[in-house]
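**Student:** Pasting a structure here, questions to come.
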Amino acid sequence: MIIKKRSLPLEIQLLEALSRRLPVSHPKYTLILENLAKKRAGYHGEKAIDYYLDFISNEKYLILQNLRLQDEKGYFQIDILIVSTCFLLILEVKNIIGTLVFDPQFHQVIRILDNKEEAFPDPLLQIDRQTTRLKTWIQEHSYTHNIPVESLVVVSNPHTIIKATTKPQLIAQKVIHSAYLPSKIKSLEILYSSAILSTKEMKKLVRYLIRKQEDEQKKPLDYYNIHPNEIIKGVQCSRCRFVPMNRQHGLWFCPACASSCKSAHIQAINDYALIISSTVTNQEIKQFLCLSSSATTKRLLSPYANSGVKKQRRYVISQ
């Protein structure tokens with residue numbers, strides 16, 4: 001049973017907003033698009049695993065997706081954590097096309113695509129770190145049961161070829177295609193047949209993990225060294241991407257393609273919240289939407305929670 005379902009990662013939302021709000025000529029624009037493509041591929045790879053999780057999603061297993069926890073070293077993220085009374089299983093999902101060659105000697109992965117080689121960080125080292133940190137985290141949070149923690153690298157693209165330079169049998173134990181996941185879990189059930197946790201304790205652990213979830217907070221302008229003045233202002237046309245649309249008679253009109261929309265400002269407000277600040281004043285949004293009327297801006301902001309009075313009133317833009 002999937003208890004904590006994944007949502008569209010904040011980083012993808014941030015990158016999408018930046019891709020809409022940076023000029024194509026901006027020196028960081030290409031990097032933004034490249035990072036967005038990578039993050040989308042990872043997200044779609046994780047979603048592709050859901051089909052196979054359905055084969056094990058019963059009361060015997062509780063599944064947490066996109067779990068982010070904090071320890072003394074900082075934060076660590078787990079794509080999928082499968083919890084049972086007998087063991088925990090970490091899944092690190094990789095959506096990489098081509099041929100993946102695992103090199104245990106140099107702890108790297110080489111992707112071969114179109115006769116070109118590209119090195120990737122070793123996901124086996126990644127899941128080893130995740131396993132160690134999760135074990136320590138559980139022990140430090142008063143869960144003294146010595147429950148086994150296993151980990152797997154799951155390749156979500158069925159057309160990806162997996163190879164190893166050496167120790168192929170060892171690699172095959174830790175790296176699998178997603179279709180093999182239900183069978184792999186059955187083999188772990190045989191290996192760990194004794195319950196360490198009661199069903200009540202298992203559910204309690206899952207509730208605690210969810211309560212300790214740490215959502216990622218990023219300041220994209222600082223991260224990419226972009227000045228706020230470089231961000232494109234205005235409401236963007238969803239049909240032709242022209243900026244800015246004009247506000248007339250309660251509608252947004254595009255002067256480029258002549259389309260109109262009543263709610264086009266919502267995405268612009270969300271972009272502002274993602275890129276600049278999640279709390280806004282009337283004046284800030286009026287300038288960002290290229291409006292001339294504070295009264296119109298107030299009406300557009302009326303659905304959002306707010307605090308303060310007059311010019312000090314701030315609206316909270318939740319995603």
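**Student:** Residue under question is residue 244, and the condition is that it be in contact with a Gly (Cβ under 7 Å, 6 or more places away or on another chain) and either assigned by TED's automatic domain parsing to the domain that holds residue 68 or not basic (Lys, Arg) (or both); does it hold?
**Tutor:** Details: in contact with a Gly (Cβ under 7 Å, 6 or more places away or on another chain): yes; either assigned by TED's automatic domain parsing to the domain that holds residue 68 or not basic (Lys, Arg) (or both): yes.
Yes: the conditions hold for residue 244.
**Student:** Considering only strands (runs of 3 or more DSSP E) fully contained in region 105-179, which possess at least 2 residues that are touching a Ser or Thr at 6+ places or on another chain (Cβ under 7 Å) and touching a residue at least 40 places away in the same chain (Cβ under 8 Å)?
**Tutor:** Here the list reads 149-155, 161-164.
**Student:** Still on this structure, please answer the following. Against the definition (in a loop (DSSP other than H, G, I, E, B) and modelled with pLDDT under 95), how does residue 49 come out, yes or no? Let's see the steps before the verdict.
**Tutor:** Details: in a loop (DSSP other than H, G, I, E, B): no; modelled with pLDDT under 95: yes.
Considered against the rule, which asks whether it is in a loop (DSSP other than H, G, I, E, B) and modelled with pLDDT under 95, residue 49 comes out as no.
**Student:** Of 55, 87, which residue is among the aromatic types (Phe, Trp, Tyr) and surrounded by 19 or more Cβ atoms within 10 Å (Cβ to Cβ)?
**Tutor:** Of the residues listed, the single one that is among the aromatic types (Phe, Trp, Tyr) and surrounded by 19 or more Cβ atoms within 10 Å (Cβ to Cβ) is 87.
**Student:** Further question: Could you please find all residues in region 1-46 being part of a helix (DSSP H, G or I) and β-branched (Val, Ile, Thr)?
**Tutor:** Within region 1-46, 12, 30, 32 qualify.
**Student:** Quick one: which of 183, 193, 187 is farther than 30 Å from residue 29 by Cα and either in a loop (DSSP other than H, G, I, E, B) or of a type in the set (Asp, Glu) (or both)?
**Tutor:** Within the list 183, 193, 187, the selection yields 193.
**Student:** While we're on this one: Would you mind stating whether residue 195 is of a type in the set (Gly, Ala, Ser), within 16 Å of residue 102 (Cβ to Cβ) and in the same structural domain as residue 106 (by TED's automatic domain parsing)?
**Tutor:** When the stated conditions are applied, residue 195 does not pass them.
**Student:** Answer with yes or no whether residue 129 is surrounded by 18 or more Cβ atoms within 10 Å (Cβ to Cβ), among the basic types (Lys, Arg) and either assigned by TED's automatic domain parsing to the domain that holds residue 74 or closer than 28 Å to residue 70 by Cβ (or both). Break it down stepwise before answering.
**Tutor:** On the way: surrounded by 18 or more Cβ atoms within 10 Å (Cβ to Cβ): no; among the basic types (Lys, Arg): yes; either assigned by TED's automatic domain parsing to the domain that holds residue 74 or closer than 28 Å to residue 70 by Cβ (or both): yes.
In short, no.
**Student:** Turning to a different aspect of this structure: I need the full set of residues from region 276-319 which are over 16 Å from residue 235 (Cβ atoms), in contact with a helix residue (DSSP H, G or I) (Cβ under 8 Å, 6 or more places away or on another chain) and among the charged types (D, E, K, R), in order please.
**Tutor:** Within region 276-319, 298, 311, 313 meet the criteria.
**Student:** Could you check, for region 5-15, whether at least one of its residues is more than 30 Å from residue 234 (Cβ to Cβ), of a type in the set (A, V, I, L, M, F, W, C), at pLDDT below 95 and surrounded by fewer than 16 Cβ atoms within 10 Å (Cβ to Cβ)?
**Tutor:** No.
**Student:** Looking only at residues that are crowded, with 21+ Cβ neighbours inside 10 Å and assigned to a strand (DSSP E or B) in region 93-104, which one is farthest from the chain's Cα centre (by Cα)? Explain how you work it out, then say what you get.
**Tutor:** Within region 93-104, the subset crowded, with 21+ Cβ neighbours inside 10 Å is 93-95, 100, 102.
The next check asks that each one be assigned to a strand (DSSP E or B); those that pass are 93-94, 100, 102.
Details: 93: 12, 94: 13, 100: 23, 102: 25 Å.
Restricting to residues being crowded, with 21+ Cβ neighbours inside 10 Å and assigned to a strand (DSSP E or B), the top hit is 102.
**Student:** Given the conditions (1) crowded, with 17+ Cβ neighbours inside 10 Å; (2) over 24 Å from the mean Cα position of the chain (by Cα), report the number of the one that residue 172 does not fulfil.
**Tutor:** Of everything listed in (1) crowded, with 17+ Cβ neighbours inside 10 Å; (2) over 24 Å from the mean Cα position of the chain (by Cα), residue 172 misses just condition (1).
The values are calculated or read from the model by the stated rules, or taken from the named source; none is laboratory data. These numbers come from a predicted model, not from an experiment. Positions of Cβ are generated from backbone atoms using ideal geometry, with glycine treated the same way; all protein chains shown enter the neighbour counts.
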